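Take a look at the structure below.
The values are calculated or read from the model by the stated rules, or taken from the named source; none is laboratory data. Remember, predicted model here, so these are calculated numbers, not experimental data. Quick reminder, even Gly has a Cβ in these numbers, built from the backbone with ideal geometry, and neighbours come from all protein chains shown. Side chains included, ligands, DNA and RNA excluded: accessible areas come from the protein's heavy atoms. Shrake-Rupley method; radii C 1.70, N 1.55, O 1.52, S 1.80 Å.
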Amino acid sequence: MSTICVLRTRCFLRQVLPGLPAAMQRHYSLDVSAPLLRTQGYVDGRWISAASVFPVLDPATGQEIARVSDCGPAEAKQAVDAAYKAFHSWKQYSAKERSVLLRKWFDLMTLHKEDLAKLITFECGKPLNESLGEIAYSASFLEWFSEEARRVYGDIVPSPAKDRKILLLKQPTGVASIITPWNFPSAMITRKVGAALAAGCTVVVKPAEDTPLSALALAELAEQAGIPAGVFNVVPCSREKTPSVGEVLCTDPLVAKISFTGSTATGKVLLKLAADTVKKASMELGGHAPFIVFDSADVDLAVSGAMASKFRNSGQTCVCSNRFLVQSGIYELFLEKLGAAMDAELRLGHGSEPDTTQGPLINTRAADKVVHQISDAVSHGAKVLRGGKRLEGSFMEPTLLGDVTTDMLCTKEETFGPLLPVIRFNTEAEAMAIANASNVGLAGYFFSKDVSQIWRVAEALEVGIVGVNEGLLSTPEATFGGVKQSGLGREGSKYGIDEYLEVKYMCFGGLKP
(Lines give C-alpha, C1' and ligand atoms only; values in the text may rest on other atoms or scores of the structure.)
Protein backbone atom coordinates (compact mmCIF):
# COMPACT_ATOMS: atom_id res chain seq x y z
CA MET A 1 0.00 0.00 0.00
CA SER A 2 1.11 3.52 -0.73
CA THR A 3 0.03 6.25 1.65
CA ILE A 4 0.31 9.96 1.09
CA CYS A 5 -0.58 11.88 4.20
CA VAL A 6 -2.52 15.10 4.09
CA LEU A 7 -1.98 17.09 7.26
CA ARG A 8 -4.65 19.30 8.68
CA THR A 9 -4.48 21.07 12.03
CA ARG A 10 -7.24 21.18 14.60
CA CYS A 11 -7.04 24.96 14.62
CA PHE A 12 -7.59 25.11 10.86
CA LEU A 13 -10.58 22.79 11.11
CA ARG A 14 -12.20 24.88 13.83
CA GLN A 15 -11.77 28.01 11.71
CA VAL A 16 -13.15 26.46 8.55
CA LEU A 17 -15.87 24.21 9.85
CA PRO A 18 -17.09 25.34 13.28
CA GLY A 19 -19.31 22.87 15.08
CA LEU A 20 -18.18 19.77 13.21
CA PRO A 21 -18.00 16.50 15.14
CA ALA A 22 -14.85 15.41 16.89
CA ALA A 23 -14.20 12.83 14.19
CA MET A 24 -13.10 15.69 11.94
CA GLN A 25 -10.29 16.66 14.31
CA ARG A 26 -7.68 14.38 12.76
CA HIS A 27 -5.29 13.98 9.91
CA TYR A 28 -6.47 12.83 6.48
CA SER A 29 -4.52 10.41 4.34
CA LEU A 30 -4.94 9.16 0.80
CA ASP A 31 -4.47 5.42 1.07
CA VAL A 32 -4.77 3.56 -2.22
CA SER A 33 -3.04 0.53 -3.71
CA ALA A 34 0.32 1.41 -5.20
CA PRO A 35 -0.40 0.44 -8.84
CA LEU A 36 -3.33 2.89 -8.98
CA LEU A 37 -1.41 5.87 -7.62
CA ARG A 38 0.43 6.86 -10.80
CA THR A 39 2.26 10.15 -11.24
CA GLN A 40 3.84 9.81 -14.69
CA GLY A 41 2.39 10.30 -18.13
CA TYR A 42 1.22 7.23 -20.04
CA VAL A 43 2.27 7.07 -23.69
CA ASP A 44 2.44 4.08 -26.04
CA GLY A 45 1.98 1.64 -23.17
CA ARG A 46 4.84 3.11 -21.12
CA TRP A 47 4.98 5.36 -18.06
CA ILE A 48 7.02 8.43 -18.97
CA SER A 49 8.53 11.25 -16.92
CA ALA A 50 8.76 14.87 -18.00
CA ALA A 51 11.45 17.45 -17.32
CA SER A 52 9.44 18.88 -14.44
CA VAL A 53 6.52 18.06 -12.16
CA PHE A 54 3.49 19.95 -10.85
CA PRO A 55 1.65 19.57 -7.55
CA VAL A 56 -1.80 18.09 -7.05
CA LEU A 57 -3.58 19.58 -4.04
CA ASP A 58 -6.39 18.45 -1.78
CA PRO A 59 -8.85 21.35 -2.20
CA ALA A 60 -10.20 20.77 1.30
CA THR A 61 -6.84 21.41 2.98
CA GLY A 62 -4.64 23.04 0.37
CA GLN A 63 -2.05 20.37 1.08
CA GLU A 64 -0.04 18.64 -1.62
CA ILE A 65 -1.01 15.01 -2.18
CA ALA A 66 1.20 14.19 -5.19
CA ARG A 67 3.58 15.55 -7.79
CA VAL A 68 2.80 14.60 -11.36
CA SER A 69 4.89 14.72 -14.52
CA ASP A 70 4.34 18.05 -16.26
CA CYS A 71 4.08 16.96 -19.88
CA GLY A 72 4.64 19.53 -22.60
CA PRO A 73 4.21 19.80 -26.37
CA ALA A 74 6.93 17.20 -27.00
CA GLU A 75 5.17 14.57 -24.91
CA ALA A 76 1.83 15.50 -26.46
CA LYS A 77 3.27 15.01 -29.93
CA GLN A 78 4.77 11.69 -28.85
CA ALA A 79 1.34 10.59 -27.64
CA VAL A 80 -0.35 11.63 -30.88
CA ASP A 81 2.22 9.72 -32.91
CA ALA A 82 1.74 6.64 -30.75
CA ALA A 83 -2.05 6.85 -31.07
CA TYR A 84 -1.80 7.25 -34.84
CA LYS A 85 0.44 4.20 -35.14
CA ALA A 86 -1.83 2.14 -32.89
CA PHE A 87 -4.94 3.21 -34.79
CA HIS A 88 -3.94 1.21 -37.86
CA SER A 89 -3.94 -2.01 -35.87
CA TRP A 90 -6.75 -1.19 -33.39
CA LYS A 91 -9.26 -0.49 -36.14
CA GLN A 92 -8.60 -3.99 -37.48
CA TYR A 93 -9.76 -5.57 -34.22
CA SER A 94 -13.20 -7.08 -34.58
CA ALA A 95 -16.06 -5.38 -32.81
CA LYS A 96 -16.29 -8.36 -30.47
CA GLU A 97 -12.60 -8.15 -29.58
CA ARG A 98 -12.90 -4.46 -28.71
CA SER A 99 -16.06 -5.23 -26.76
CA VAL A 100 -14.33 -7.87 -24.65
CA LEU A 101 -11.46 -5.53 -23.75
CA LEU A 102 -13.78 -2.70 -22.76
CA ARG A 103 -15.74 -5.12 -20.60
CA LYS A 104 -12.54 -6.19 -18.85
CA TRP A 105 -11.75 -2.52 -18.19
CA PHE A 106 -15.24 -2.08 -16.72
CA ASP A 107 -14.77 -5.12 -14.48
CA LEU A 108 -11.47 -3.75 -13.17
CA MET A 109 -12.99 -0.37 -12.43
CA THR A 110 -15.74 -2.09 -10.46
CA LEU A 111 -13.20 -4.21 -8.59
CA HIS A 112 -11.17 -1.15 -7.57
CA LYS A 113 -14.05 1.24 -7.03
CA GLU A 114 -13.11 2.16 -3.45
CA ASP A 115 -9.57 3.23 -4.34
CA LEU A 116 -10.72 5.08 -7.45
CA ALA A 117 -13.31 6.93 -5.36
CA LYS A 118 -10.67 7.95 -2.83
CA LEU A 119 -8.60 9.50 -5.61
CA ILE A 120 -11.57 11.59 -6.72
CA THR A 121 -12.34 12.75 -3.19
CA PHE A 122 -8.78 13.84 -2.44
CA GLU A 123 -8.03 15.60 -5.73
CA CYS A 124 -11.52 16.95 -6.48
CA GLY A 125 -12.99 17.42 -3.00
CA LYS A 126 -16.37 15.74 -3.48
CA PRO A 127 -17.80 13.58 -0.68
CA LEU A 128 -16.79 9.92 -0.80
CA ASN A 129 -20.34 8.69 -1.39
CA GLU A 130 -20.57 10.95 -4.44
CA SER A 131 -17.16 9.75 -5.60
CA LEU A 132 -18.33 6.14 -5.37
CA GLY A 133 -21.36 7.18 -7.38
CA GLU A 134 -19.13 8.75 -10.00
CA ILE A 135 -17.06 5.57 -10.31
CA ALA A 136 -20.21 3.52 -10.87
CA TYR A 137 -21.35 6.10 -13.44
CA SER A 138 -17.91 6.21 -15.05
CA ALA A 139 -17.65 2.44 -15.32
CA SER A 140 -21.15 2.24 -16.77
CA PHE A 141 -19.95 3.98 -19.94
CA LEU A 142 -17.33 1.30 -20.50
CA GLU A 143 -20.02 -1.33 -20.01
CA TRP A 144 -22.48 0.48 -22.30
CA PHE A 145 -20.02 1.07 -25.12
CA SER A 146 -18.60 -2.44 -24.81
CA GLU A 147 -22.09 -3.49 -25.85
CA GLU A 148 -22.56 -0.76 -28.45
CA ALA A 149 -19.29 -1.75 -30.15
CA ARG A 150 -21.13 -4.73 -31.60
CA ARG A 151 -24.06 -2.64 -32.83
CA VAL A 152 -22.34 -0.31 -35.28
CA TYR A 153 -24.60 -1.04 -38.22
CA GLY A 154 -24.28 0.34 -41.74
CA ASP A 155 -27.02 0.36 -44.37
CA ILE A 156 -27.87 -1.33 -47.64
CA VAL A 157 -29.88 1.22 -49.60
CA PRO A 158 -32.20 0.23 -52.47
CA SER A 159 -30.51 1.26 -55.70
CA PRO A 160 -32.30 3.06 -58.55
CA ALA A 161 -30.26 0.97 -61.02
CA LYS A 162 -30.42 -2.80 -61.35
CA ASP A 163 -26.70 -3.27 -62.01
CA ARG A 164 -25.42 -1.88 -58.70
CA LYS A 165 -25.76 -2.03 -54.94
CA ILE A 166 -25.52 0.92 -52.57
CA LEU A 167 -23.80 0.34 -49.22
CA LEU A 168 -23.19 2.83 -46.42
CA LEU A 169 -20.30 1.72 -44.21
CA LYS A 170 -19.38 3.10 -40.80
CA GLN A 171 -15.66 3.39 -40.09
CA PRO A 172 -13.64 4.87 -37.17
CA THR A 173 -12.60 8.50 -37.51
CA GLY A 174 -9.00 8.10 -36.32
CA VAL A 175 -7.02 9.63 -33.46
CA ALA A 176 -9.18 11.57 -30.99
CA SER A 177 -7.90 14.21 -28.58
CA ILE A 178 -9.87 14.03 -25.33
CA ILE A 179 -9.72 17.13 -23.11
CA THR A 180 -11.59 16.76 -19.84
CA PRO A 181 -12.57 18.85 -16.76
CA TRP A 182 -11.91 18.43 -13.05
CA ASN A 183 -15.47 18.13 -11.72
CA PHE A 184 -16.00 14.56 -12.94
CA PRO A 185 -12.38 13.46 -13.39
CA SER A 186 -13.24 9.83 -14.18
CA ALA A 187 -16.67 9.87 -15.83
CA MET A 188 -15.85 12.61 -18.32
CA ILE A 189 -13.03 10.43 -19.62
CA THR A 190 -14.91 7.16 -19.95
CA ARG A 191 -17.98 8.80 -21.51
CA LYS A 192 -15.75 9.91 -24.38
CA VAL A 193 -13.12 7.18 -24.46
CA GLY A 194 -15.60 4.32 -24.17
CA ALA A 195 -17.32 5.48 -27.35
CA ALA A 196 -14.04 6.21 -29.15
CA LEU A 197 -12.45 2.84 -28.44
CA ALA A 198 -15.67 0.97 -29.20
CA ALA A 199 -15.75 2.64 -32.63
CA GLY A 200 -12.13 1.69 -33.33
CA CYS A 201 -10.51 5.05 -32.62
CA THR A 202 -7.44 5.65 -30.46
CA VAL A 203 -7.13 8.51 -27.98
CA VAL A 204 -4.87 11.00 -26.26
CA VAL A 205 -6.35 12.23 -22.98
CA LYS A 206 -5.39 15.55 -21.41
CA PRO A 207 -6.96 15.62 -17.94
CA ALA A 208 -7.55 18.81 -15.98
CA GLU A 209 -4.47 20.00 -14.10
CA ASP A 210 -6.37 19.79 -10.80
CA THR A 211 -7.30 16.11 -11.18
CA PRO A 212 -4.75 14.05 -13.14
CA LEU A 213 -4.60 11.13 -10.68
CA SER A 214 -7.97 9.69 -11.72
CA ALA A 215 -6.96 9.71 -15.38
CA LEU A 216 -3.67 7.98 -14.67
CA ALA A 217 -5.42 5.33 -12.56
CA LEU A 218 -7.69 4.64 -15.54
CA ALA A 219 -4.58 4.20 -17.68
CA GLU A 220 -3.22 1.63 -15.22
CA LEU A 221 -6.47 -0.33 -15.36
CA ALA A 222 -6.62 -0.06 -19.15
CA GLU A 223 -3.20 -1.66 -19.30
CA GLN A 224 -4.29 -4.40 -16.90
CA ALA A 225 -7.36 -5.01 -19.07
CA GLY A 226 -5.15 -5.62 -22.10
CA ILE A 227 -5.88 -2.43 -24.05
CA PRO A 228 -2.98 -2.40 -26.56
CA ALA A 229 -0.13 0.10 -26.31
CA GLY A 230 -0.88 3.43 -27.96
CA VAL A 231 -4.66 3.01 -27.94
CA PHE A 232 -5.12 4.95 -24.67
CA ASN A 233 -2.61 7.67 -23.81
CA VAL A 234 -2.60 10.26 -21.00
CA VAL A 235 -0.58 13.49 -20.97
CA PRO A 236 -1.05 15.36 -17.67
CA CYS A 237 0.20 18.91 -17.50
CA SER A 238 0.14 22.04 -15.36
CA ARG A 239 -2.03 25.10 -15.93
CA GLU A 240 1.01 26.84 -17.40
CA LYS A 241 1.59 24.17 -20.05
CA THR A 242 -2.07 23.57 -20.87
CA PRO A 243 -2.22 26.09 -23.78
CA SER A 244 0.80 24.60 -25.58
CA VAL A 245 -0.31 21.00 -25.01
CA GLY A 246 -3.84 21.88 -26.09
CA GLU A 247 -2.52 23.47 -29.26
CA VAL A 248 -0.74 20.26 -30.25
CA LEU A 249 -3.83 18.17 -29.58
CA CYS A 250 -6.05 20.49 -31.63
CA THR A 251 -3.75 21.27 -34.56
CA ASP A 252 -1.65 18.17 -35.24
CA PRO A 253 -2.62 16.82 -38.69
CA LEU A 254 -2.64 13.24 -37.33
CA VAL A 255 -5.51 14.09 -34.99
CA ALA A 256 -8.88 13.57 -36.69
CA LYS A 257 -11.24 14.42 -33.84
CA ILE A 258 -11.35 16.52 -30.67
CA SER A 259 -13.77 16.09 -27.79
CA PHE A 260 -13.83 18.70 -25.03
CA THR A 261 -15.83 19.27 -21.87
CA GLY A 262 -15.38 22.64 -20.19
CA SER A 263 -16.26 26.30 -20.47
CA THR A 264 -17.82 27.85 -23.55
CA ALA A 265 -14.95 30.36 -23.78
CA THR A 266 -12.31 27.62 -23.89
CA GLY A 267 -14.40 25.57 -26.31
CA LYS A 268 -14.40 28.48 -28.76
CA VAL A 269 -10.60 28.71 -28.56
CA LEU A 270 -10.22 25.00 -29.28
CA LEU A 271 -12.65 25.16 -32.21
CA LYS A 272 -10.59 27.95 -33.75
CA LEU A 273 -7.42 25.89 -33.34
CA ALA A 274 -9.08 22.86 -34.94
CA ALA A 275 -10.50 24.83 -37.84
CA ASP A 276 -7.31 24.99 -39.92
CA THR A 277 -7.23 21.21 -40.28
CA VAL A 278 -11.05 20.87 -40.30
CA LYS A 279 -11.22 18.38 -37.48
CA LYS A 280 -14.41 16.74 -36.34
CA ALA A 281 -15.36 18.21 -32.95
CA SER A 282 -17.61 17.44 -30.00
CA MET A 283 -18.09 20.18 -27.42
CA GLU A 284 -19.88 19.84 -24.08
CA LEU A 285 -19.72 23.41 -22.82
CA GLY A 286 -21.21 25.68 -20.19
CA GLY A 287 -24.73 25.55 -18.83
CA HIS A 288 -27.09 27.90 -17.01
CA ALA A 289 -29.93 25.54 -16.18
CA PRO A 290 -33.36 26.88 -15.23
CA PHE A 291 -35.33 25.02 -12.54
CA ILE A 292 -39.03 25.91 -12.75
CA VAL A 293 -41.62 25.04 -10.12
CA PHE A 294 -45.23 25.62 -11.20
CA ASP A 295 -48.20 26.04 -8.87
CA SER A 296 -49.43 22.56 -9.81
CA ALA A 297 -46.19 20.90 -8.70
CA ASP A 298 -45.70 18.47 -5.84
CA VAL A 299 -43.72 20.90 -3.67
CA ASP A 300 -41.98 18.20 -1.62
CA LEU A 301 -40.87 16.46 -4.81
CA ALA A 302 -39.65 19.79 -6.21
CA VAL A 303 -37.64 20.50 -3.07
CA SER A 304 -36.05 17.05 -3.26
CA GLY A 305 -35.22 17.66 -6.93
CA ALA A 306 -33.74 21.07 -6.13
CA MET A 307 -31.50 19.63 -3.42
CA ALA A 308 -30.19 16.91 -5.74
CA SER A 309 -29.75 19.15 -8.76
CA LYS A 310 -28.16 22.11 -6.97
CA PHE A 311 -25.94 20.69 -4.25
CA ARG A 312 -24.41 17.63 -5.88
CA ASN A 313 -20.63 18.19 -5.91
CA SER A 314 -21.26 21.47 -4.05
CA GLY A 315 -22.97 22.90 -7.13
CA GLN A 316 -20.02 22.18 -9.43
CA THR A 317 -21.70 20.32 -12.29
CA CYS A 318 -22.43 21.51 -15.81
CA VAL A 319 -26.09 20.45 -15.54
CA CYS A 320 -26.47 22.02 -12.11
CA SER A 321 -29.59 24.15 -11.69
CA ASN A 322 -28.54 27.78 -11.71
CA ARG A 323 -31.75 29.84 -11.89
CA PHE A 324 -34.72 28.80 -9.76
CA LEU A 325 -38.09 30.10 -10.90
CA VAL A 326 -41.04 29.50 -8.55
CA GLN A 327 -44.63 30.46 -9.30
CA SER A 328 -46.13 32.99 -6.92
CA GLY A 329 -48.83 30.66 -5.54
CA ILE A 330 -46.27 28.35 -3.91
CA TYR A 331 -43.26 30.68 -3.66
CA GLU A 332 -43.27 31.12 0.14
CA LEU A 333 -44.03 27.45 0.80
CA PHE A 334 -41.21 26.32 -1.49
CA LEU A 335 -38.70 28.61 0.22
CA GLU A 336 -39.77 27.42 3.65
CA LYS A 337 -39.48 23.74 2.79
CA LEU A 338 -36.24 24.22 0.86
CA GLY A 339 -34.60 26.09 3.73
CA ALA A 340 -35.62 23.34 6.14
CA ALA A 341 -34.18 20.69 3.81
CA MET A 342 -30.87 22.57 3.58
CA ASP A 343 -30.68 22.76 7.38
CA ALA A 344 -31.43 19.07 7.78
CA GLU A 345 -29.42 17.53 4.96
CA LEU A 346 -26.30 19.58 4.19
CA ARG A 347 -23.07 19.04 6.11
CA LEU A 348 -19.78 20.74 5.27
CA GLY A 349 -16.55 18.82 5.73
CA HIS A 350 -13.69 16.88 4.24
CA GLY A 351 -14.98 14.50 1.61
CA SER A 352 -13.56 11.45 3.35
CA GLU A 353 -15.83 11.98 6.39
CA PRO A 354 -18.94 9.76 6.14
CA ASP A 355 -21.37 12.54 7.17
CA THR A 356 -20.08 15.11 4.68
CA THR A 357 -22.46 16.12 1.91
CA GLN A 358 -20.70 19.35 0.88
CA GLY A 359 -16.98 19.44 0.23
CA PRO A 360 -14.88 22.44 -0.75
CA LEU A 361 -14.99 24.21 -4.08
CA ILE A 362 -12.12 23.26 -6.35
CA ASN A 363 -10.06 26.36 -5.49
CA THR A 364 -10.26 29.81 -3.94
CA ARG A 365 -11.07 31.43 -7.30
CA ALA A 366 -14.28 29.39 -7.43
CA ALA A 367 -15.26 30.55 -3.95
CA ASP A 368 -14.44 34.15 -4.87
CA LYS A 369 -16.90 33.93 -7.77
CA VAL A 370 -19.72 32.72 -5.52
CA VAL A 371 -19.03 35.51 -3.01
CA HIS A 372 -19.10 38.07 -5.80
CA GLN A 373 -22.46 36.83 -7.07
CA ILE A 374 -23.94 36.91 -3.57
CA SER A 375 -22.66 40.44 -2.95
CA ASP A 376 -24.06 41.61 -6.27
CA ALA A 377 -27.47 40.06 -5.58
CA VAL A 378 -27.71 41.54 -2.09
CA SER A 379 -26.74 44.97 -3.41
CA HIS A 380 -29.68 44.71 -5.83
CA GLY A 381 -32.21 43.73 -3.17
CA ALA A 382 -31.91 39.96 -2.73
CA LYS A 383 -32.29 38.49 0.76
CA VAL A 384 -29.95 35.86 2.20
CA LEU A 385 -32.22 33.19 3.69
CA ARG A 386 -29.55 30.55 4.39
CA GLY A 387 -25.76 30.62 4.45
CA GLY A 388 -24.06 33.36 2.49
CA LYS A 389 -20.66 33.21 4.18
CA ARG A 390 -17.24 32.45 2.78
CA LEU A 391 -15.25 30.13 5.05
CA GLU A 392 -11.53 29.41 5.13
CA GLY A 393 -9.82 28.10 2.02
CA SER A 394 -12.30 27.24 -0.71
CA PHE A 395 -15.20 26.24 1.54
CA MET A 396 -18.45 28.09 0.95
CA GLU A 397 -21.68 27.90 2.91
CA PRO A 398 -24.61 26.57 0.88
CA THR A 399 -26.61 29.73 0.23
CA LEU A 400 -30.31 30.37 -0.42
CA LEU A 401 -31.35 33.75 -1.83
CA GLY A 402 -34.91 35.10 -2.03
CA ASP A 403 -36.34 38.11 -3.87
CA VAL A 404 -33.97 37.52 -6.77
CA THR A 405 -34.50 39.42 -10.03
CA THR A 406 -33.18 38.91 -13.52
CA ASP A 407 -30.88 41.93 -13.38
CA MET A 408 -28.64 40.18 -10.84
CA LEU A 409 -25.37 38.60 -11.89
CA CYS A 410 -26.29 35.15 -10.54
CA THR A 411 -29.11 34.95 -13.10
CA LYS A 412 -26.87 35.97 -15.99
CA GLU A 413 -23.83 33.73 -15.62
CA GLU A 414 -23.11 30.18 -14.51
CA THR A 415 -22.21 29.99 -10.82
CA PHE A 416 -20.52 26.59 -10.35
CA GLY A 417 -21.03 26.71 -6.61
CA PRO A 418 -23.59 26.14 -3.82
CA LEU A 419 -25.70 29.24 -4.50
CA LEU A 420 -29.45 28.84 -4.98
CA PRO A 421 -31.19 32.05 -6.17
CA VAL A 422 -35.00 31.98 -6.34
CA ILE A 423 -37.03 34.20 -8.69
CA ARG A 424 -40.79 34.64 -8.29
CA PHE A 425 -42.92 34.47 -11.47
CA ASN A 426 -46.64 34.71 -12.20
CA THR A 427 -47.37 33.09 -15.56
CA GLU A 428 -46.03 30.21 -17.63
CA ALA A 429 -45.16 32.60 -20.44
CA GLU A 430 -43.13 34.73 -18.05
CA ALA A 431 -41.21 31.69 -16.79
CA MET A 432 -40.43 30.49 -20.31
CA ALA A 433 -39.18 33.92 -21.35
CA ILE A 434 -36.78 34.00 -18.39
CA ALA A 435 -35.68 30.39 -18.81
CA ASN A 436 -34.84 30.80 -22.51
CA ALA A 437 -33.13 34.20 -22.14
CA SER A 438 -29.65 32.68 -22.27
CA ASN A 439 -27.06 32.05 -24.96
CA VAL A 440 -26.48 28.55 -23.59
CA GLY A 441 -28.85 25.61 -23.27
CA LEU A 442 -27.52 22.42 -21.72
CA ALA A 443 -30.12 21.27 -19.17
CA GLY A 444 -33.43 22.49 -17.82
CA TYR A 445 -35.77 21.22 -15.10
CA PHE A 446 -39.38 21.82 -14.20
CA PHE A 447 -42.00 20.43 -11.84
CA SER A 448 -45.68 20.24 -12.70
CA LYS A 449 -48.64 17.84 -12.48
CA ASP A 450 -50.44 19.39 -15.47
CA VAL A 451 -49.94 16.98 -18.39
CA SER A 452 -50.67 19.58 -21.06
CA GLN A 453 -48.26 22.00 -19.41
CA ILE A 454 -45.59 19.29 -19.21
CA TRP A 455 -45.70 18.78 -22.96
CA ARG A 456 -45.74 22.53 -23.70
CA VAL A 457 -42.83 23.37 -21.45
CA ALA A 458 -40.70 20.34 -22.32
CA GLU A 459 -40.90 21.21 -26.01
CA ALA A 460 -40.45 24.94 -25.50
CA LEU A 461 -37.36 24.85 -23.27
CA GLU A 462 -34.29 25.67 -25.37
CA VAL A 463 -32.01 23.01 -23.90
CA GLY A 464 -30.63 19.62 -24.88
CA ILE A 465 -31.66 17.82 -21.67
CA VAL A 466 -34.98 18.21 -19.83
CA GLY A 467 -35.86 16.89 -16.39
CA VAL A 468 -39.61 16.65 -15.74
CA ASN A 469 -40.30 16.17 -12.04
CA GLU A 470 -36.74 14.89 -11.68
CA GLY A 471 -33.48 16.54 -10.62
CA LEU A 472 -30.94 13.85 -11.54
CA LEU A 473 -30.84 12.93 -15.21
CA SER A 474 -27.54 11.47 -16.37
CA THR A 475 -27.36 7.86 -17.52
CA PRO A 476 -25.32 6.12 -20.24
CA GLU A 477 -28.47 5.02 -22.04
CA ALA A 478 -29.52 8.62 -22.80
CA THR A 479 -27.95 11.42 -24.80
CA PHE A 480 -25.95 14.17 -23.11
CA GLY A 481 -25.38 17.49 -24.84
CA GLY A 482 -26.73 20.98 -25.33
CA VAL A 483 -27.95 23.56 -27.82
CA LYS A 484 -26.98 27.17 -28.49
CA GLN A 485 -23.49 27.83 -27.09
CA SER A 486 -23.61 24.80 -24.80
CA GLY A 487 -21.87 22.73 -27.42
CA LEU A 488 -21.85 20.43 -30.41
CA GLY A 489 -22.73 16.75 -30.65
CA ARG A 490 -24.00 14.20 -28.15
CA GLU A 491 -22.35 11.82 -25.70
CA GLY A 492 -23.75 8.61 -24.28
CA SER A 493 -26.67 6.60 -25.70
CA LYS A 494 -26.64 4.78 -29.02
CA TYR A 495 -25.82 8.13 -30.66
CA GLY A 496 -22.61 8.74 -28.70
CA ILE A 497 -20.56 6.31 -30.76
CA ASP A 498 -21.55 8.12 -33.98
CA GLU A 499 -19.32 11.04 -32.91
CA TYR A 500 -16.32 8.77 -33.58
CA LEU A 501 -17.50 7.27 -36.86
CA GLU A 502 -17.46 8.36 -40.50
CA VAL A 503 -20.02 7.14 -43.04
CA LYS A 504 -18.51 5.87 -46.29
CA TYR A 505 -20.67 5.37 -49.38
CA MET A 506 -19.69 2.33 -51.46
CA CYS A 507 -21.26 1.79 -54.87
CA PHE A 508 -20.86 -1.81 -56.03
CA GLY A 509 -21.50 -1.76 -59.78
CA GLY A 510 -21.18 -3.98 -62.81
CA LEU A 511 -23.69 -6.50 -61.53
CA LYS A 512 -25.70 -8.57 -63.94
CA PRO A 513 -29.46 -8.46 -63.38
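Listed values, structure above:
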read-out	value
With Cα atoms, 0 to 90° folded angle of helix 451-460 axis to the chain main axis	60
Unit Cα scatterers, Debye sum, segment 400-513: log10 I(q)/I(0) for q = 0.11, 0.12, 0.19, 0.21 Å⁻¹	-0.50, -0.57, -1.17, -1.34
Kirkwood Rh (inverse of mean 1/r, distinct Cα pairs), segment 467-513, angstrom	14.0
Peptide ranges 469-482, 314-327 listed from the most packed, as the mean C-beta count within 10 angstrom indicates	314-327, 469-482
Protection-proxy order for peptides 69-76, 424-431, each taking the mean of Cβ atoms within 10 Å per residue, highest first	69-76, 424-431
Unit charges on C-beta of K, R, D, E only; dipole of segment 421-490, Debye	120
Where Y331, Y495, Y137 fall by accessible area, highest first, once all protein chains stay in place (1.4 Å)	Y495, Y137, Y331
The chain, dipole about Cα centre (Lys/Arg Cβ +1, Asp/Glu Cβ -1), debye to the nearest 20	1340
Length added when fully stretched, D31-T427, from 0.36 nm per residue minus Cα-Cα	137.2 nm
Diffusion constant of segment 192-346 at 10 °C, which comes from Stokes-Einstein with the Kirkwood Cα-pair radius and 1.306 mPa s, µm²/s	85
Point-to-point label distance, N363-L169, nm (Cα→Cβ direction, 7 Å offset)	4.7
Carbon/sulfur fraction of accessible area - segment 102-256, other protein chains in place, 1.4 Å, %	55
Qualifying lysines (Cα of each under 20 Å from Cα of K337; at least 8 residues distant if same chain)	K310, K383, K449
Furthest towards positive pole of dipole, N436, A458, S448, structure part segment 407-468, Cβ charges	S448
Among 282-291, 151-160, 484-493, 108-117, the order from most to least packed when residues are scored by Cβ within 10 Å on average	282-291, 484-493, 108-117, 151-160
Full-extension gain in nm, K268 to S296, via 0.36 nm per residue minus C-alpha separation	6.1 nm
DSSP bridge pairs, segment 112-270: antiparallel proportion in percent, nearest 5	20
E97-R150 pseudo-label distance in nm [points 7 Å out on the Cα-to-Cβ vector]	1.6
Computed [θ] at 222 nm, helices only, for the chain once each DSSP H run of length n ≥ 4 contributes -39500 (n - 2.57)	-11500 deg cm²/dmol
Stretch gain in nm, segment A51-S379, where the contour uses 0.36 nm per residue and the Cα spacing is subtracted	113.2 nm
Label-point gap, in nm, between T479 and V157 - each point 7 angstrom along Cα→Cβ	2.1
Positive-end residue of S140, L102, A217, charge dipole of segment 83-230 with Cβ unit charges	L102
Given K104/K192; K91/K126; K369/K484; K241/K369; K165/K280; K85/K484, the pairs whose alpha carbons are separated by over 26 Å	K91/K126; K165/K280; K85/K484
